[in-house]
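Participant: Below is a structure I'd like to ask you about.
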Amino acid sequence: MKREFQNYDGLYGEQHPVILPDFVQVERIETRSHRHKWVIKPHIHHQLFQLFCVVEGDGTIWSEMGELPFQSPCILLIPENTLHGFRYRAEGAGLVLTISTSFVDELTAKIPLLTSLSGHIQVIDAGLQPRWFTYIQLVLNRLSEEAADTLPGREFVLQSLLAALLTDVFRYVQQQDNQSGAPENRSLTIFRRFQKSIRQGRNPQKNICQYAEEQHITAVHLNRICRDMAQKSAMQMVYDYFLTEARNYLNHTKFTIAEVAYRLNFEDAAYFSRLFKKQMGLTPSAFRQQRGVIG
């Protein structure tokens with residue numbers, strides 16, 4: 001049975017878009033999740049980054065990578081344009097920070113290491129550092145107060161609090177990685193920036209030389225990094241992103257093939273179909289029919 005997913009320009013379950021580019025909101029997990037009986041169906045947020053601070057409860061995140069379990073206390077990071085959903089096994093509690101990705105981009109421009117927080121869905125166990133987790137909750141509550149007010153210097157204070165929050169989360173993740181023998185390195189940083197550029201640019205016409213120039217390296221160097229990190233070429237990484245997005249649309253929506261190509265920013269629907277067939281061995285229509293999806 002196919003599972004539909006919804007694209008939101010705002011928050012889950014709401015049809016009106018948020019006000020960009022400086023949207024910041026902190027709400028209780030239980031406020032929205034209780035309303036939906038603790039099941040948040042698979043969906044995508046455009047131009048919004050989310051951080052869940054789960055104080056109580058546990059459950060599963062649905063993602064393109066499969067089901068990811070989580071258990072309190074933990075931090076969940078959900079980048080923009082990332083398919084995700086939640087099923088809580090018990091009533092949960094905590095805080096959800098939702099911010100415009102423009103805030104994240106401004107911060108990563110100043111602190112490039114923060115790029116690693118917006119590459120993919122992450123489940124961060126906070127059980128080993130209860131004092132740190134309490135501090136994160138305090139910063140989120142302060143963000144909530146500032147976001148709800150209109151005091152002078154509001155934007156500066158919000159940016160400062162967000163910089164402090166995300167930097168501390170990055171440091172915590174880095175510390176855990178170092179302790180587990182997986183230190184951060186320059187190649188990994190470049191690889192994650194490349195992944196982020198693919199997602200944010202959403203431009204299937206962009207070539208690998210252009211991606212490499214963004215990282216101030218050669219195309220050969222970028223290919224070498226991708227093969228070391230993912231055993232794939234840089235071009236295959238790009239194809240994989242658009243094919244994953246295409247499969248989601250073909251499996252979960254009734255958009256026509258041309259509409260899917262348009263939503264993925266292909267200038268030519270015929271080129272999209274040829275690329276899909278070359279990579280998947282089936283045309284988009286045949287792929288959809290094979291899975292019993294009519295569209």
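The values are calculated or read from the model by the stated rules, or taken from the named source; none is laboratory data. Note that the structure is a prediction, hence the values are computed from the model and not measured. Backbone-built Cβ (ideal geometry, glycine too); neighbour counts: all protein chains shown.
Participant: Regarding segment 169-181, can at least one residue be identified that is out of contact with any Ser or Thr (no Cβ under 7 Å at 6 or more places or on another chain) and part of a loop (DSSP other than H, G, I, E, B)? Reasoning before the result, please.
Facilitator: Of the residues in segment 169-181, the ones out of contact with any Ser or Thr (no Cβ under 7 Å at 6 or more places or on another chain) are 169, 171-181.
Keeping just the survivors that are part of a loop (DSSP other than H, G, I, E, B) gives 180-181.
Within segment 169-181, one or more residues are out of contact with any Ser or Thr (no Cβ under 7 Å at 6 or more places or on another chain) and part of a loop (DSSP other than H, G, I, E, B).
Participant: Anything in segment 247-263 that is under 24 Å from the mean Cα position of the chain (by Cα) and crowded, with 18+ Cβ neighbours inside 10 Å? List them, or say none.
Facilitator: The answer is ARG247, TYR249, LEU250, THR253, VAL260, ALA261.
Participant: If you don't mind, there's one more thing I want to ask. Name the single residue that is surrounded by the fewest Cβ atoms within 10 Å (Cβ to Cβ) among those in segment 122-151 being under 21 Å from the mean Cα position of the chain (by Cα) and free of Cβ contacts under 8 Å to residues at least 60 places away in the same chain.
Facilitator: Applying the filter and picking the extreme gives ASP125.
Conditions tested, residue by residue: (1) outside the structural domain of PHE52 (by TED's automatic domain parsing); (2) in contact with a Pro (Cβ under 6 Å, 6 or more places away or on another chain); (3) at pLDDT 85 or above.
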| residue | (1), (2), (3) |
| --- | --- |
| ILE136 | no, no, yes |
| ARG142 | no, no, yes |
| LEU151 | no, no, yes |
| VAL157 | no, no, yes |
| LEU166 | no, no, yes |
| PHE170 | no, no, yes |
| GLN174 | no, no, no |
| ARG192 | yes, no, no |
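Participant: Can you tell me which residue in segment 211-221 is surrounded by the fewest Cβ atoms within 10 Å (Cβ to Cβ), limited to those that are more than 23 Å from the chain's Cα centre (by Cα) and assigned to a helix (DSSP H, G or I)?
Facilitator: Among those that are more than 23 Å from the chain's Cα centre (by Cα) and assigned to a helix (DSSP H, G or I), it is VAL220.
Participant: Quick check on segment 199-218. Is at least one of its residues at pLDDT 90 or above and of a type in the set (A, V, I, L, M)?
Facilitator: Scanning segment 199-218 turns up at least one residue that is at pLDDT 90 or above and of a type in the set (A, V, I, L, M).
Participant: If I ask for residues that are within 30 Å of LEU188 (Cβ to Cβ) and outside any helix (DSSP H, G or I), which ones from segment 230-261 would you list?
Facilitator: GLN231, LYS232, SER233
Participant: From the list ARG202, ARG154, ARG224, pick out the single residue that is of a type in the set (D, E, K, R), touching a residue at least 60 places away in the same chain (Cβ under 8 Å) and surrounded by 14 or more Cβ atoms within 10 Å (Cβ to Cβ).
Facilitator: Values: ARG154 fails: touching a residue at least 60 places away in the same chain (Cβ under 8 Å); ARG224 fails: touching a residue at least 60 places away in the same chain (Cβ under 8 Å).
The conditions single out ARG202.
Participant: Taking only segment 83-113 into account, find how many residues are out of contact with any helix residue (DSSP H, G or I) (no Cβ under 9 Å at 6 or more places or on another chain) and either assigned to a loop (DSSP other than H, G, I, E, B) or of a type in the set (S, T, N, Q) (or both).
Facilitator: 5
Participant: What tally of residues in segment 114-130 results from selecting those that are farther than 26 Å from GLU146 by Cα and either aliphatic (A, V, I, L, M) or assigned to a strand (DSSP E or B) (or both)?
Facilitator: Going through segment 114-130 one residue at a time, the tally reaches 5.
Participant: Restricting to segment 36-73, give me the number of residues that are among the aromatic types (Phe, Trp, Tyr) and either surrounded by fewer than 17 Cβ atoms within 10 Å (Cβ to Cβ) or more than 16 Å from the chain's Cα centre (by Cα) (or both). Lay out the reasoning, then the answer.
Facilitator: Start the filter on segment 36-73 by keeping residues that are among the aromatic types (Phe, Trp, Tyr), which leaves 38, 49, 52, 62, 70.
Those still in the list that are either surrounded by fewer than 17 Cβ atoms within 10 Å (Cβ to Cβ) or more than 16 Å from the chain's Cα centre (by Cα) (or both) too: 38, 70.
Number of matching residues: 2.
Participant: Still on this structure, I have one more. Being assigned to a strand (DSSP E or B) and at pLDDT 80 or above narrows it down to one of GLU80, GLU30, GLU67, so name that one.
Facilitator: Answer to the check: GLU67.
Participant: Which of the residues spanning segment 157-179 are buried (at least 17 other Cβ atoms within 10 Å of the Cβ) and of a type outside the set (A, V, I, L, M, F, W, C)?
Facilitator: Scanning segment 157-179 gives a single hit, TYR172.
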